[in-house]
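For reference, the structure discussed in these notes is given below.
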Amino acid sequence: MATAKKTLVIVESPSKAKTIGKYLGANYKVIASVGHVRDLPKSKLGIDIENDFEPQYIPIRGKGDIIKELRKEAKKASKVYLATDPDREGEAISWHLANLLGIDLDTPCRIVFNEIIKSSIKDAIKHPRKIDLNLVDAQQARRVLDRLVGYQISPLLWRKVRKGLSAGRVQSAALKIICDREKEIKDFDPKEYWTITAEFKKGKKFSAKLMEYKKKKLVVENKEQNDKILAELNTGSYSVTALNQKERMKKPFAPFTTSSMQQEASTKLNFNTKKTMLIAQQLYEGVEIKGQGTVGLITYLRTDSVRISEEAKAAAADFINEKYGKEYLGKNVYSNKKKDIQDAHEAIRPSNISLEPEAIKDSLSNDQFKLYRLIWCRFMASQMTAAKFDNLQVEIENGDYTFKTTGSKLLFDGYQRVYKSSMDEDKDKILPALEKGELLDLIGLGGEQNFTQPPARYTEASLVKELEEKNIGRPSTYAPIVGTLSERKYVTREKKSLVPTELGFLVTGLMEEYFKEIVDVNFTAGMEDKLDDVEIKDLEWKKIIRDFYGPFEKELEVADHAIEKVTVEDQPTGETCELCGKPMVLKTGRFGEFIACSGYPECKNTKPIVKTIDVKCPKCGKDIVARKSKKGKLFYGCSGYPDCDQSYWYKPVDKKCPKCGALLIEKKTKAGNLACSNAECDYKE
């Protein structure tokens, strides 16, 4: 008897395939394309400019076996459903798959779901649709535009500056923003000012700041002015002249979008954008939960929308009523920043609100737990009532001088019962009972010198916020953009700050001079709107490319003739080459920075950059240092090599295992962040 044909479902990742396969059962076969299967070639531009910018897609190198398997399974299946991610890129992957597998684009072969839970998957299977060619074209327009910019300016930078550099439509605009901020900081002229504070006592001590003189804002500019005012304030009396008491409501924040999740994870969890997206992807695709199997924990992680489904709202309302009480249930309405945004999927939220973070903590890695708790709490808070505060504003006068202070008391915690944003800094500041007209006892008076501060350097979080506010790129691209800026040595990191290098300034200067529009924030934002219009308003994508490429081609020609070869000086290390006596300098290779002789090619002496970690080798007592393998992978080894071959793939700490005496290493496990370096020992903490 012939075996019944199965329905084939193609997703992007193997872990997603595993989760979805569990929900669909024996009549379905779920396999993964492992991301893209076709793309523009890496070795050339891959766009036929003479043929109206037709992209020349080819199967991705190394994907031959996967494509062969996909074709074989599609051929024997009764139906093929394409279940790639519910965004532009996912739609484009489905389109490429349809072309490779010979699927008719007029057939309803596309299924989408915002969360990987059984009900959503089953519902998606019941409602297949055609591939949305507007979404595909919007993705093609971005891909082609980025390829034209990157693959034509980057080789120019290689010829004129040095190999390995790159430029890009969004990358170059982001770098200019960082460089402009650094210029602001360097050009900043600090201004002196003084703050005068009075301390009073009525049962308890409290303070107030001098704010006005003759009912006008007062700025104390120097010590002479400060001393003169203090002398005047040491005479006369202090009386309460105004009391303004009112209730203040603080509303909860909207549930996370991709951008706000990246910002909050950076601020509260110290995660960079790449790490945040990686862990969010794991939570979305599914995690093995004890007693439940593989479960998708959050909705789709790439979204600009704050919309929440009615089902999710109802589930949250039931949970809040039961756990916290009906007084905590809010009726909040959130709107998207861009009114014409295509609202394809929801804000980021837990797929099942009843899976509380603490209840499944043992099934998650430490980082997964932290991010899931952040997402769960933010969503829960978004559905709760505002926090209520009792605010008291007090004015205290001495002659023509007015001091002001504010007291605050939390009356009802509302959403703050479960979540406080990094922007929530409310702390009770209780003032004593005061009456209008009463005199106060002054117990202290002083002035403090201050200077105005320059704007802060961008962190990953603040850069993401700036890019989003200026409508540059899309949140899903922010993590790779920041990564590229670091990899190209355009920026370095000082703690959390992004600091442009000399190379970053040099490349930005060339871009500003010869490709003004590429780095112009308004042009880049306007281009983003046009690209959105392909998706939203059915705008022809090739027209956008045509309009852009005419002027761009002329700029390329001018730049190629006008830019002279730029020599980027290598940074001296202060060391001398032990072979020839010439200075050693910092160089950058395919695996990062290293030290080399400035006499190259006559002298080819090189050595790695050695960074000590304040841990001694347990074998010989010398320093353990950070090194890189021949393939560029970071490891930790004894500085006495080759005499001592002690090494670790994970960073060791200056602490010994209580079970076997070997060094502990920084290795995140479900038990904690440390584990024994001895493979035969199972100690963790």
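The values are calculated or read from the model by the stated rules, or taken from the named source; none is laboratory data. Since we're looking at a predicted model, the values are computed, not measured. Counting neighbours? That spans all protein chains shown, and the Cβs are built from the backbone with ideal geometry, glycine included. For accessibility, only protein heavy atoms count, side chains too; no ligands or nucleic acids. Shrake-Rupley method; radii C 1.70, N 1.55, O 1.52, S 1.80 Å.
Please go through the stretch 379-410 and pick out each residue that is open to solvent by 20 Å² or more (accessible area, probe 1.4 Å), outside any strand (DSSP E or B) and not polar (S, T, N, Q).
Gly399, Asp400
Mind checking which pairs have a first residue in the stretch 331-359 that is more than 16 Å from Glu310 (Cβ to Cβ) and a second that is open to solvent by 70 Å² or more (accessible area, probe 1.4 Å) and modelled with pLDDT of 95 or more, Cβ under 7 Å, 6 or more apart or different chains?
Listed by first residue and then by second, the contacts come to Pro357/Arg373.
Just name the residue that is most open to solvent (accessible area, probe 1.4 Å) out of those in the stretch 274-314 that are closer than 16 Å to Trp376 by Cα and among the polar types (S, T, N, Q).
Gln282
Quick one: Glu466 ticks every box in (1) surrounded by fewer than 18 Cβ atoms within 10 Å (Cβ to Cβ); (2) in contact with a helix residue (DSSP H, G or I) (Cβ under 9 Å, 6 or more places away or on another chain); (3) over 19 Å from Asp180 (Cα atoms) bar one, so which box is it?
The failed condition is (3).
Just for the stretch 9-31: of the residues that are among the small types (Gly, Ala, Ser) and open to solvent by less than 20 Å² (accessible area, probe 1.4 Å), which one is farthest from Val80 (Cα to Cα)? Working first, answer last.
Kept after step one, since they are among the small types (Gly, Ala, Ser), are these residues of the stretch 9-31: 13, 15, 17, 21, 25-26.
Okay, now just the ones that are also open to solvent by less than 20 Å² (accessible area, probe 1.4 Å), so 13, 17.
On the way: Ser13: 17, Ala17: 14 Å.
If we take residues in the stretch 9-31 being among the small types (Gly, Ala, Ser) and open to solvent by less than 20 Å² (accessible area, probe 1.4 Å), then Ser13 is farthest from Val80 (Cα to Cα).
Can you give me the number of residues within the stretch 588-632 that are in a strand (DSSP E or B), open to solvent by 50 Å² or more (accessible area, probe 1.4 Å), within 22 Å of Val161 (Cα to Cα) and modelled with pLDDT of 80 or more?
1
Inside the stretch 227-243, can you point out the residues that are free of Cβ contacts under 8 Å to residues at least 12 places away in the same chain, not in a loop (DSSP other than H, G, I, E, B) and not charged (D, E, K, R)?
First, the residues of the stretch 227-243 that are free of Cβ contacts under 8 Å to residues at least 12 places away in the same chain: 228, 231, 235.
Pick out the ones that are also not in a loop (DSSP other than H, G, I, E, B) and you get 228, 231.
Ala231 - this is the single residue of the stretch 227-243 that is free of Cβ contacts under 8 Å to residues at least 12 places away in the same chain, not in a loop (DSSP other than H, G, I, E, B) and not charged (D, E, K, R).
Quick one: which residue in Asp532, Asp560 is among the charged types (D, E, K, R), open to solvent by less than 20 Å² (accessible area, probe 1.4 Å) and over 21 Å from the mean Cα position of the chain (by Cα)? Please lay out each step first, then the result.
On the way: Asp560 fails: open to solvent by less than 20 Å² (accessible area, probe 1.4 Å).
The unique qualifying residue is Asp532.
Would you check if Lys6 is more than 30 Å from the chain's Cα centre (by Cα) and surrounded by 15 or more Cβ atoms within 10 Å (Cβ to Cβ)? Steps first, please.
On the way: more than 30 Å from the chain's Cα centre (by Cα): yes; surrounded by 15 or more Cβ atoms within 10 Å (Cβ to Cβ): yes.
Spelling it out, Lys6 is indeed more than 30 Å from the chain's Cα centre (by Cα) and surrounded by 15 or more Cβ atoms within 10 Å (Cβ to Cβ).
Taking the stated definitions as given, is Ala381 modelled with pLDDT of 95 or more and of a type outside the set (Phe, Trp, Tyr)? Spell out how you get there, then give the answer.
Numbers: modelled with pLDDT of 95 or more: yes; of a type outside the set (Phe, Trp, Tyr): yes.
Yes; evaluated as a whole, the condition is true for this residue.
In contact (Cβ under 8 Å) with a residue 24 or more places away in the chain and surrounded by 20 or more Cβ atoms within 10 Å (Cβ to Cβ): is that true of Ile375 in this structure?
Working: in contact (Cβ under 8 Å) with a residue 24 or more places away in the chain: yes; surrounded by 20 or more Cβ atoms within 10 Å (Cβ to Cβ): yes.
Criteria met by Ile375.
With (1) more than 27 Å from Glu435 (Cβ to Cβ); (2) open to solvent by less than 70 Å² (accessible area, probe 1.4 Å) as the list, and Lys228 as the residue in question, which single condition is left unmet?
(2)
Inspect all residues belonging to the stretch 641-649 and state whether any of them is in a strand (DSSP E or B) and open to solvent by less than 50 Å² (accessible area, probe 1.4 Å).
Within the stretch 641-649, the subset in a strand (DSSP E or B) is 647-648.
Still in the running and open to solvent by less than 50 Å² (accessible area, probe 1.4 Å): 648.
Among the residues of the stretch 641-649, at least one is in a strand (DSSP E or B) and open to solvent by less than 50 Å² (accessible area, probe 1.4 Å), which makes the answer yes.
Quick one: how many residues across the stretch 170-214 are open to solvent by 20 Å² or more (accessible area, probe 1.4 Å), in a loop (DSSP other than H, G, I, E, B) and either touching a strand residue (DSSP E or B) at 6+ places or on another chain (Cβ under 9 Å) or touching a residue at least 12 places away in the same chain (Cβ under 8 Å) (or both)?
5
I'm checking my understanding of the structure. Among residues of the stretch 54-86 that are assigned to a loop (DSSP other than H, G, I, E, B) and either open to solvent by 30 Å² or more (accessible area, probe 1.4 Å) or of a type in the set (Lys, Arg) (or both), which one is nearest to Leu8 (Cα to Cα)?
First, pick out the residues of the stretch 54-86 that are assigned to a loop (DSSP other than H, G, I, E, B): 56-57, 60-63, 77-78, 83-86.
From the residues that got through so far, the ones that are either open to solvent by 30 Å² or more (accessible area, probe 1.4 Å) or of a type in the set (Lys, Arg) (or both) too are 56-57, 60-63, 78.
Numbers: Gln56: 28, Tyr57: 25, Ile60: 22, Arg61: 24, Gly62: 23, Lys63: 19, Ser78: 8 Å.
Ranking the candidates gives Ser78 first.
Tell me which residues, restricted to the stretch 154-169, are buried (at least 22 other Cβ atoms within 10 Å of the Cβ) and farther than 15 Å from Glu487 by Cβ.
Of everything in the stretch 154-169, just one residue is buried (at least 22 other Cβ atoms within 10 Å of the Cβ) and farther than 15 Å from Glu487 by Cβ, namely Arg169.
So which pairs qualify, if the first residue must be in the stretch 538-565 and over 24 Å from Val507 (Cβ atoms), the second must be part of a helix (DSSP H, G or I) and among the β-branched types (Val, Ile, Thr), the Cβ gap must be under 6 Å, and the two must be at least 6 apart or on different chains?
Hits for this filter: Trp541/Val534; Ile545/Val144.
Can you confirm whether the stretch 263-282 contains a residue that is more than 16 Å from the chain's Cα centre (by Cα) and over 27 Å from Tyr23 (Cβ atoms)?
no
I'd like to verify a number: residues in the stretch 454-496 that are among the basic types (Lys, Arg) and outside any loop (DSSP other than H, G, I, E, B), how many? Break it down stepwise before answering.
Taking the stretch 454-496 as the starting set, the residues that turn out to be among the basic types (Lys, Arg) are 457, 465, 470, 474, 488-489, 493, 495-496.
Applying the additional criterion that residues be outside any loop (DSSP other than H, G, I, E, B) yields 465, 493.
Matching residues across the stretch 454-496 total 2.
Can you find even one residue in the stretch 499-517 that is modelled with pLDDT of 95 or more and hydroxyl-bearing (Ser, Thr, Tyr)?
yes
State yes or no: is Tyr151 of a type in the set (Ser, Thr, Tyr), open to solvent by 70 Å² or more (accessible area, probe 1.4 Å), closer than 30 Å to Glu540 by Cβ and out of contact with any Cys (no Cβ under 6 Å at 6 or more places or on another chain)? I'd like the intermediate steps shown before the answer.
Numbers: of a type in the set (Ser, Thr, Tyr): yes; open to solvent by 70 Å² or more (accessible area, probe 1.4 Å): yes; closer than 30 Å to Glu540 by Cβ: yes; out of contact with any Cys (no Cβ under 6 Å at 6 or more places or on another chain): yes.
Answer is yes for this residue.
Sort out which residues of the stretch 87-114 are open to solvent by less than 10 Å² (accessible area, probe 1.4 Å), part of a loop (DSSP other than H, G, I, E, B) and closer than 17 Å to Lys16 by Cα, and write them in order of number.
Ile111
Among residues belonging to the stretch 222-236 that are among the polar types (S, T, N, Q) and modelled with pLDDT under 95, point out the one that is farthest from Lys409 (Cα to Cα). Full working, then the answer.
If we filter the stretch 222-236 for residues that are among the polar types (S, T, N, Q), which is where we start, we get 222, 225-226, 234-235.
From the residues that got through so far, the ones that are modelled with pLDDT under 95 too are 234-235.
Working: Asn234: 31, Thr235: 33 Å.
Only one residue tops the list, namely Thr235.
Using the structure shown, decide if Lys246 is touching a residue at least 60 places away in the same chain (Cβ under 8 Å), under 29 Å from Ile121 (Cβ atoms) and open to solvent by 80 Å² or more (accessible area, probe 1.4 Å). Spell out how you get there, then give the answer.
Details: touching a residue at least 60 places away in the same chain (Cβ under 8 Å): yes; under 29 Å from Ile121 (Cβ atoms): no; open to solvent by 80 Å² or more (accessible area, probe 1.4 Å): yes.
For Lys246, the condition - touching a residue at least 60 places away in the same chain (Cβ under 8 Å), under 29 Å from Ile121 (Cβ atoms) and open to solvent by 80 Å² or more (accessible area, probe 1.4 Å) - is not met.
Here is a list of conditions, (1) outside any loop (DSSP other than H, G, I, E, B); (2) touching a Cys at 6+ places or on another chain (Cβ under 7 Å); (3) closer than 30 Å to Asp367 by Cα, and Lys655 meets all of them except one; can you say which number that is?
All conditions pass for Lys655, except number (2).
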